[in-house]
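Comments concern the structure below.
The values are calculated or read from the model by the stated rules, or taken from the named source; none is laboratory data. Being a predicted model, the structure only gives us computed values, none of them experimental. Glycine gets a Cβ as well: all are built from the backbone with ideal geometry, and neighbour counts include every protein chain shown.
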Amino acid sequence: MLAREIRFFFTAWTFFTRIPLPAALGGWVGYSEELMNGAARYFPLVGLFVGLVGAAVFTFCMWLFTPLVAVALTMVATVLMTGAFHEDGFADVCDGFGGASEPERVLAIMKDSRVGAFGAIGITLMLLTKFAALVSLAEAIDVELCGWILLSAHTLSRAAPVALIRWMDYVRPGADARAKPMAQAVSASGLAMALFWGALPLGGLIYLYENGWLVALGVIPIGLAAVALGGWFKRRIGGYTGDCLGAAQQLTEVVFYLYALALLVQPAEGSV
């Protein structure tokens, strides 16, 4: 049982990061659709490690540089760690959903490796929003709290795709799916474990900060955003694809930053 869970985790690790496993370990883990489906419960745990890297880079860079540079280098570090996997999915969703209305055409556009106007504009605006929110937080709150927010956002946002896998259908036919597909099924216990890992950093916020529970309530807008996205995907294409899951991760991560910003940072005096 423990060996199987370890294989599930490392399957998620190899899929969502660019950090390779040692050859012997990778050979032992292997790859199969069963492993990929079981790995879904550990998507947020992988996000926890990505968030730890982001928070560490941010904390170190805040000692050396301005918040603008610290946030930029933090985003560079997390993108390098994941290979822009989720960002690529977000851009594909922007292209597909923005460029067509028929489900078949939407799926065909998302499969195209080229980035179109909708994808380029969408990913630029999304990254700009993320950057602006993080810089605003970095300038207004202490470094440690901002690090916890980064950690929580990366972890929580990777639970949202697991919920979509549980409650929606994968819509690409087998012949059109990528050679190494996303998880296409997750059990109720797998979802519960994913939610546990996703919420784990919130315990640190609640324990360390008097009003940390208010920040932890950011799980609510993340949940609402995931439900709204799921409903939109269902109406447009009848379910989800791997790109949809990447888009869900990116959008819910940004939602958490915006929630924290609205909660913790007061608008400038004289603003409307």
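How many of the residues in the stretch 67-116 are loosely packed, with under 15 Cβ neighbours inside 10 Å and at pLDDT below 95?
Count: 9.
State which residue pairs qualify: first residue in contact (Cβ under 8 Å) with a residue 60 or more places away in the chain and inside the stretch 1-23, second residue surrounded by fewer than 18 Cβ atoms within 10 Å (Cβ to Cβ) in any location, beta carbons under 6 Å apart, and separation of 6 or more residues or different chains.
Pairs that qualify, where the first residue is in contact (Cβ under 8 Å) with a residue 60 or more places away in the chain and the partner is surrounded by fewer than 18 Cβ atoms within 10 Å (Cβ to Cβ), are ARG18/GLY83.
Of all the residues that make up the stretch 7-36, how many are out of contact with any helix residue (DSSP H, G or I) (no Cβ under 8 Å at 6 or more places or on another chain) and closer than 16 Å to MET193 by Cβ? Steps first, please.
Residues of the stretch 7-36 out of contact with any helix residue (DSSP H, G or I) (no Cβ under 8 Å at 6 or more places or on another chain): 22-24, 27, 32-34.
With closer than 16 Å to MET193 by Cβ added as a condition, the list becomes none.
Residues that pass the stated criteria total 0.
Condition test on VAL186, is it touching a Lys or Arg at 6+ places or on another chain (Cβ under 8 Å), crowded, with 20+ Cβ neighbours inside 10 Å, modelled with pLDDT under 90 and closer than 19 Å to GLU5 by Cα?
Spelling it out, VAL186 is indeed touching a Lys or Arg at 6+ places or on another chain (Cβ under 8 Å), crowded, with 20+ Cβ neighbours inside 10 Å, modelled with pLDDT under 90 and closer than 19 Å to GLU5 by Cα.
Could you please let me know if TYR259 is among the aromatic types (Phe, Trp, Tyr) and under 16 Å from ARG166 (Cβ atoms)?
Criteria not met by TYR259.
Going through the stretch 84-138 one residue at a time, which ones are of a type in the set (A, V, I, L, M, F, W, C) and not in a helix (DSSP H, G or I)?
Across the stretch 84-138, the qualifying residues are ALA84, ALA100, VAL115.
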